[in-house]
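Novice: Below are the structure tokens for one structure; questions will follow.
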Amino acid sequence: MNTRKEKKFSEVWKEFITSQTAKGISDATIRKYHQVLHNISKYFDIDMPLDNLTKSSLEEMVVEMRTAGLAHNSIATYVRVVKTFLNWCKAENIVSVDVPNIKEKETVKETYTDEELDLLLERPSADCQFCEYRNWVIVNFLLNSGCRAATIRNIQNRDVSLADNQVIFRHTKNGKIQVIPLCSRMVNVLRGYMTVRGGSSTDYLFCDQYGGMLSENALRLAIAHYNQRRGVQKTSIHLFRHTFARKYLVDCGGNAFTLQKLLGHSTLTMTKRYCAIFDADIAKNYDSVSPLAQMYHPKEKIKKRL
């Protein structure tokens, strides 16, 4: 007899988290698992014995979420995580219950405008505080690489090779090491910054004012305050990733395969979403094929030749 079936849903969920932590799943994903359990508890009895779990009870959870007015994509996220948990349960021979997939709706990725980027990229005065200077360098770095906040926090001095115009990302979402190129502008910015920052090879590149590692919250607040002081109300670090993708595809003529490598996507699935939203091929030279532009195009009169 499998006594784990008699345990509460929440108790087995915590066993699932322990298992995933032991496998080396990222801290961010583990936090997400904890948060999802807390969130679904408002619409679902997480203290029920797991043996009482049915497909109907999971469908009722989804109905409760919809009735409460949760956004479609939020519900889809919760269901996806629950499905991951149930797949683990199935592999552990605990229960064999499934929940139907809920496909996320495609949304337009918000980005920083060029006007906002101009404000954020304006070099701070020479007598500014270290943190202001560091934040300016971080914004430059985000536009050079489009990396995630967690990656920014974990870069060490030794990971930057100015001679080779590249940086190594050892901390990535999929756990794979990435080597990312640095444009000449970024190399110059980093050369000046690293002289000021100093530190040993294993110290964090983008540190706090005492040389220690920036916490997730400290980085988020630092960029939020930096942006607002520059007159930019958008404060999301992840928006720089969307902005990088848009500008790379549309303004710089980049291709999906290279973008996939730069953003560290394991497959082309997410990269294709960026391509669908920021369709560079359609956007380029649209005046030459737009019916409206064609109607307004000046027509030349036939000149009489003698």
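Novice: Going through region 219-237 one residue at a time, which ones are under 16 Å from ILE152 (Cβ atoms) and either loosely packed, with under 14 Cβ neighbours inside 10 Å or in contact with a strand residue (DSSP E or B) (Cβ under 8 Å, 6 or more places away or on another chain) (or both)?
Specialist: Hit for region 219-237 is LEU221, nothing else.
Novice: Can you spot a residue in region 200-216 that is free of Cβ contacts under 8 Å to residues at least 12 places away in the same chain, aliphatic (A, V, I, L, M) and in the same structural domain as ALA149 (by TED's automatic domain parsing)?
Specialist: No: zero hits.
Novice: Also, I was wondering about something else. Residues of region 21-30 being assigned to a loop (DSSP other than H, G, I, E, B) and among the charged types (D, E, K, R), which ones?
Specialist: Scanning region 21-30 gives a single hit, LYS23.
Novice: Then there's this: Considering only region 146-194, how many residues are buried (at least 19 other Cβ atoms within 10 Å of the Cβ), within 17 Å of the chain's Cα centre (by Cα) and among the hydroxyl-bearing types (Ser, Thr, Tyr)?
Specialist: The total comes to 1.
Novice: So in region 1-46, with the set limited to residues that are farther than 20 Å from GLU92 by Cα and of a type in the set (Asp, Glu), which one is nearest to the chain's Cα centre (by Cα)?
Specialist: ASP27
Novice: Also, I was wondering about something else. Specify which of the listed residues (TYR43, TYR33) is assigned to a helix (DSSP H, G or I) and under 21 Å from LYS103 (Cα atoms).
Specialist: Being assigned to a helix (DSSP H, G or I) and under 21 Å from LYS103 (Cα atoms) holds for just one of TYR43, TYR33, which is TYR33.
Novice: Hey, can you tell me all the residues within region 214-255 that are of a type in the set (A, V, I, L, M) and either assigned to a helix (DSSP H, G or I) or closer than 22 Å to LEU182 by Cβ (or both)?
Specialist: LEU214, ALA218, LEU219, LEU221, ALA222, ILE223, ALA224, ILE237, LEU239, ALA245, LEU249, VAL250
Novice: With respect to ASP281, determine if the residue is at pLDDT below 80, out of contact with any helix residue (DSSP H, G or I) (no Cβ under 6 Å at 6 or more places or on another chain) and among the acidic types (Asp, Glu).
Specialist: Against the criterion (at pLDDT below 80, out of contact with any helix residue (DSSP H, G or I) (no Cβ under 6 Å at 6 or more places or on another chain) and among the acidic types (Asp, Glu)), ASP281 qualifies.
Novice: Right, something else. Among the residues of region 195-233, which ones are under 20 Å from the mean Cα position of the chain (by Cα) and acidic (Asp, Glu)?
Specialist: Within region 195-233, just GLU216 meets the criteria.
Novice: Next question. Among the residues of region 97-127, which ones are over 14 Å from LYS234 (Cα atoms), at pLDDT 85 or above and touching a helix residue (DSSP H, G or I) at 6+ places or on another chain (Cβ under 8 Å)?
Specialist: Scanning region 97-127 gives VAL97, LEU121, ARG123, PRO124.
Novice: So, one more: Restricting to region 114-138, give me the number of residues that are in a loop (DSSP other than H, G, I, E, B) and either touching a strand residue (DSSP E or B) at 6+ places or on another chain (Cβ under 8 Å) or outside the structural domain of ALA150 (by TED's automatic domain parsing) (or both).
Specialist: 0
The values are calculated or read from the model by the stated rules, or taken from the named source; none is laboratory data. Computed from a predicted structure; not experimentally measured. Quick reminder, even Gly has a Cβ in these numbers, built from the backbone with ideal geometry, and neighbours come from all protein chains shown.
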